[in-house]
Amino acid sequence: MRIVFMGTPEFALPSLRILLEHNYNIVAVVTSPDMPQGRGQKIAPSPVKELALARNLRLQQPENLKDPDFVSTLAQLQPDLIVVVAFRILPREVFTIPRLGSINLHASLLPKYRGAAPMNWAIINGETETGVTTFFLREKVDTGSIILQARVRIGPDETAGELHDRLADLGAEVVLQTVRQIELGRVQPQAQDDSLVSSAPKIFKEDCRIDWRKSAQQVHDFVRGLSPYPCAWTSHEGRTLRIFRTQLSAAESSAGQAKPGTIVEAQHDRLRVQTGRGVLSIVDIQQEGRKGMGVAEFLRGYHFEVGDQLR
């Protein structure tokens, strides 16, 4: 079976690796053009490109997926199947090329959390379960018929980064099973139930500001759902503070009736903040422009007073 693999970030690597390990014929890899990355904004290849080059795979990096030359080149490869993992939205003229169709791996239990940030939103919303889904592509994003799903529990303190790594590995296994079933003609796709749809839109920096008026549990879920990227943030005396990890306090509320966002304790290895309901401990924190660190180290170089306000 001739497969074209499409993907860009680290999430796609386990799926590409597992297909190669099981000797599937990857006739081409399609990934995004090299982009500026990191603080220095140096032009760098995607993780998928690096793996493709290491395995001497044919590589395509189209700027425009509708470009006639790209579409023609893809058609000339005569793929039986396109496998998409964390890539861009494919136009009809691309996903209809393979004789067996085009499949996508999505990091949710569709139809829940359709969209660009399913892992983040599942944690932000306090879900205790999520998973991965493979489905056949169609024009409307994330709406195609489901092929396979696998479920996992979300830990009460698990971050989006930790969940990402687990789902990338689980997703690779599901991709392999899906490709095998398609190869053997055993696929029985099921239509999605539109009554169960929820969305997971892309998250921007302005969406990541902590609302301390929410409960400690809600803020805790918000922080871990955005950790390590794009990262929840707050401000103190005009300085931006990025919060990577928090811990729910045993006490439901502070001794007084402090305003949400008020520092109620700041000493040694303890930094506790009043929320709309309950007190939350900050565990890992970063002042903008500096490195992230544990709260004990942070407090040795950054001064808070009890009563200070986070906004």
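Does region 226-236 hold any residues that are open to solvent by less than 10 Å² (accessible area, probe 1.4 Å) and either among the β-branched types (Val, Ile, Thr) or out of contact with any strand residue (DSSP E or B) (no Cβ under 7 Å at 6 or more places or on another chain) (or both), and which are they? Residues satisfying the conditions are Thr234, His236.
Test Ser32 against the criterion of being in a loop (DSSP other than H, G, I, E, B), closer than 22 Å to Thr134 by Cα and within 21 Å of the chain's Cα centre (by Cα), and give yes or no. Spelling it out, Ser32 is indeed in a loop (DSSP other than H, G, I, E, B), closer than 22 Å to Thr134 by Cα and within 21 Å of the chain's Cα centre (by Cα). Taking region 1-53 as the search range and keeping residues that are among the polar types (S, T, N, Q) and without any contact (Cβ under 8 Å) to a residue 60 or more places away in the chain, which one is most open to solvent (accessible area, probe 1.4 Å)? The residue in question is Asn23. Among the residues of region 210-247, the ones that are farther than 23 Å from Ile154 by Cβ and of a type in the set (Lys, Arg) come to 2 in all.
If you go through region 204-220 and keep only what is without any contact (Cβ under 8 Å) to a residue 40 or more places away in the chain and buried (at least 16 other Cβ atoms within 10 Å of the Cβ), you end up with just Cys208. Just one of the numbered conditions (1) of a type in the set (Ser, Thr, Tyr); (2) surrounded by fewer than 24 Cβ atoms within 10 Å (Cβ to Cβ); (3) over 26 Å from His220 (Cβ atoms) is not true of Thr159: (3).
Taken over region 166-203, the residue count meeting the criterion of being open to solvent by less than 90 Å² (accessible area, probe 1.4 Å) and free of Cβ contacts under 8 Å to residues at least 24 places away in the same chain is 1.
Within region 177-206, being β-branched (Val, Ile, Thr) and assigned to a helix (DSSP H, G or I) holds for Thr178, Val179, Ile182. Of everything in region 275-291 that is under 24 Å from the mean Cα position of the chain (by Cα) and open to solvent by less than 40 Å² (accessible area, probe 1.4 Å), the residue that is nearest to Ala258 (Cα to Cα) is Ile282.
With respect to the conditions (1) buried (at least 19 other Cβ atoms within 10 Å of the Cβ); (2) in a strand (DSSP E or B), Val223 falls short on a single one, namely (2).
Condition check ((1) out of contact with any Pro (no Cβ under 9 Å at 6 or more places or on another chain); (2) farther than 21 Å from Lys214 by Cα; (3) touching a residue at least 60 places away in the same chain (Cβ under 8 Å)) across all residues:
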{"site": "Gly238", "(1), (2), (3)": "yes, yes, no"}
{"site": "Ile243", "(1), (2), (3)": "yes, no, no"}
{"site": "Gln257", "(1), (2), (3)": "yes, no, no"}
{"site": "Val279", "(1), (2), (3)": "yes, no, yes"}
{"site": "Ile282", "(1), (2), (3)": "yes, no, no"}
{"site": "Ile285", "(1), (2), (3)": "yes, no, no"}
{"site": "Gly289", "(1), (2), (3)": "yes, yes, no"}
{"site": "Phe304", "(1), (2), (3)": "yes, yes, yes"}
{"site": "Asp308", "(1), (2), (3)": "yes, no, yes"}
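The values are calculated or read from the model by the stated rules, or taken from the named source; none is laboratory data. Computed from a predicted structure; not experimentally measured. Note: ideal-geometry Cβ built from the backbone for every residue, glycine included; neighbour counts use all protein chains shown. The accessibility values were calculated without ligands, DNA or RNA, using every heavy atom of the protein model including side chains. Shrake-Rupley method; radii C 1.70, N 1.55, O 1.52, S 1.80 Å.
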